[in-house]
Amino acid sequence: MRRMVRMFAAAAAVLALAPVAPAQMAQEIVDMDAVKSIRVEGLENSQIEELAGYLTDVIGPRLTNSPGMTRANEWTAEMLTEWGLANVQIEPWGEFGRGWERVSYSGRILTPYAQPLVAQPSGWTGSTPGMVTGPAVIIEAESVEELEEYRGTLAGAWILARPAVEMSPDWDPRPLRTPLEDLLEPPEEQEGRPQRDPEERARRIAEWRRMREVRQAMNEFLIGEGIAGMLVPSSREYTLVRGGGSGAGRDPANPEPPPELNVSGEQYNQIYRNVKRGIPVELEIDVQNQFYSDDLQSYNTLGDIPGSDLADEYVMIGAHLDSWHYGTGATDDGAGSIVMMEAMRILKALDLQPRRTIRIALWAGEEQGLLGSRGWVENHPDLHPKISAYLNVDNGTGRVRGIWDQSNEAVIPVFEQILWPFRDLGVVAVKHGNTGGTDHLAFDAVGIPGFNYIQDPIEYGTFTHHTAADTFERLMLDDLKQAAVVVAATAYHLAMRDEMMPRKPVEPPTTD
Ligand SMILES: [Zn+2]
């Protein structure tokens, strides 16, 4: 006999953060036996450590369309198949562009004294013809006209086109865990997106377009001048390399961009200051990268636990499998990927039979604009009315503290009651409001309830997000076990309830 608990509105009302009257709350049936067995399987028989270790140490970084991403698609599909999921697929979502991978890099600053250059190539940028020695040159130009004064002076130079980085001590370090009082803060009023003055908006868009044209013209000018390559400063301090990639370099219609190195901020600044002092800085650099153009399509990994009487309806869970290449994409978003895999493993290991089909999706191309999830959503319009909810984890390694309602108040009492049995594991907040930046937006944009869990920040915003430090060491394995348990239970209960998740009216897509 399963112990089914009808959560009473009074209990839920204590938790509810948004102004939802108790009378509006439907009662959820929470299967306490399922909760208990999910907790035991997830906390005592966890596979999180093995999954995390393999994904980060053996497969490594997973830049979209890189060989690493292909290995990750294959391995995740293998694991889901091994656990007995159905319909396991590595499914193309559309054309992404070229693949790219680091092959080798070595670099030194030669003058005024020799030292290794701490740097990594930006994604989708080119190679040097072997070892190249050349001067560092600063360019200060805000328009194409201003560039003209540099004509004829840049051949063989390493270009610094960005200003030195301002650095100061971290006076207000952020807490690694979110204090309870912050989680329980009353909801902010944020109905819809804040309206920006249309003139201000038009001005910003025009400025953004102008800067893009300037950058494009600058790049063409620099390539024409025969530069050795570009140096850009890391966007993190304490010698930590953090960066991104070249959108233009992905497009097979474009030539491969010149080499670009993402340099530790402190060394970038030192080079910059010495050049400004009039002290020549010679650099010696050999960077080799490989582009791949044989398959321009990119792929998501998917798999199902088929439902019973409501099998043609879906509860989806997902995270992005792709990462940047600077570290091994452990917290962004290896963490979410293995949490979702582990949630499926737990449900399968317990042989819990959901009424709706529970589908896992491990996306590609999130880092370049939620491309894999948006592509999948676009490719499956027939499923839109059948997807009850999509649940996403993509805020690092911290344990789950709650979930955003994505400005859909009707779901608050559902989540409050389903998540109630996890208060002792730190799950306390169902927050009213929108959270952005990741794959649930692909669903939200077409009116499918899409949600992203609230997590403790740990070192995500400060050290690991898109940096060389995003490695296995930074994973909090116990936090990830907790997250997998919470996700498994959420997905299971959403798949068991009589009704689909309440929907909100379709809003125009956001431009994040
Ligand atoms: Zn991410």
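A few comments on the model shown:
- Peptides 333-340, 43-50, 373-380, 412-419 ranked from most to least packed by the mean count of surrounding Cβ atoms within 10 Å: 333-340, 412-419, 373-380, 43-50.
- Global geometry of region 424-487, whether rounded, prolate or oblate, following the gyration tensor of its Cα atoms and the 1.5 cut on a/c: oblate
- Potential lengthening between residue 504 and residue 26 on full extension [0.36 nm per residue; Cα-Cα distance subtracted]: 170.4 nm
- Distant-in-sequence amide contacts of residue 433, defined by a placed amide H-H separation under 5 Å and a gap of 5 or more residues or a different chain, comprise 405, 406, 407, 408.
- Charge dipole magnitude, Cβ of K and R +1, D and E -1 - region 208-301, Cα centre, debye nearest 20: 640
- Nonlocal amide H pairs with residue 402, under 5 Å, H built at 1.01 Å: 428, 429, 454
- HN-Hα J in Hz across region 76-81 - Karplus 6.51, -1.76, 1.60, θ = phi - 60°, x for Gly and Pro: 5, 4, 4, 5, 4, 5
- As a rough guide to protection, the peptides 129-138, 436-445, 472-481 ranked by mean Cβ packing within 10 Å, highest first, stand as 436-445, 472-481, 129-138.
- Approximating the spin labels as points 7 Å out from Cα along Cα→Cβ, the residue 149-to-residue 297 distance works out to 5.3 nm.
- Tensor-based shape of region 197-310 (alpha-carbon gyration tensor, a/c under 1.5 rounded, otherwise prolate or oblate): prolate
- Sites residue 114 and residue 478 - FRET efficiency at Förster radius 51 Å, r taken between beta-carbons, to 0.05: 0.70
- Solvent-accessible surface (1.4 angstrom probe) belonging to residue 90, in square angstrom, nearest 10: 70
- Region 76-222 - Rg over Rh from alpha carbon coordinates, Kirkwood radius: 1.08
- Considering only 475, 453, 372, the residue lying farthest towards the positive end of the dipole of region 367-490 is 453, judged by Cα position with unit charges set on Cβ.
- Ellipticity estimate at 222 nm from DSSP helix runs (n ≥ 4, -39,500 (n - 2.57)) divided over the chain, nearest 500: -9000 deg cm²/dmol
- Accessible surface of region 345-385 [probe 1.4 Å, protein heavy atoms]: carbon and sulfur percent: 47
- Region 342-482 shape via C-alpha gyration tensor axes, a/c threshold 1.5: rounded
- Distance between the modelled labels on residue 90 and residue 382, one decimal in nanometres: 2.5 nm (7 Å Cα→Cβ projection).
- Only Lys, Arg (+1) and Asp, Glu (-1) charged, at Cβ; the chain dipole about Cα centre in debye: 380
- Compared with the alpha-carbon gap, the fully stretched path from residue 311 to residue 213 is longer by 30.2 nm at 0.36 nm per residue.
- Packing here is the average count of other Cβ atoms within 10 Å per residue, and on that basis the peptides 239-249, 399-409, 167-177, highest first, run 399-409, 239-249, 167-177.
- Across the chain, C-alpha contacts under 8 Å between residues 6 or more apart give a mean separation that, scaled by the residue count, equals a relative contact order of 23 percent.
- With the Kirkwood sum run over all distinct C-alpha pairs, region 22-100 has a hydrodynamic radius of 16.0 Å.
- Our Cα-only numbers for the chain put the radius of gyration and Dmax at 24.7, 83 Å.
The values are calculated or read from the model by the stated rules, or taken from the named source; none is laboratory data. This structure is a prediction, so every number in the text was calculated from the model and none was measured. Please note: Cβ atoms are built from the backbone with ideal geometry, for glycine as well, and neighbour counts cover all protein chains shown. Just the protein is used for accessible areas: all its heavy atoms, side chains included, with ligands, DNA and RNA removed. Shrake-Rupley method; radii C 1.70, N 1.55, O 1.52, S 1.80 Å.
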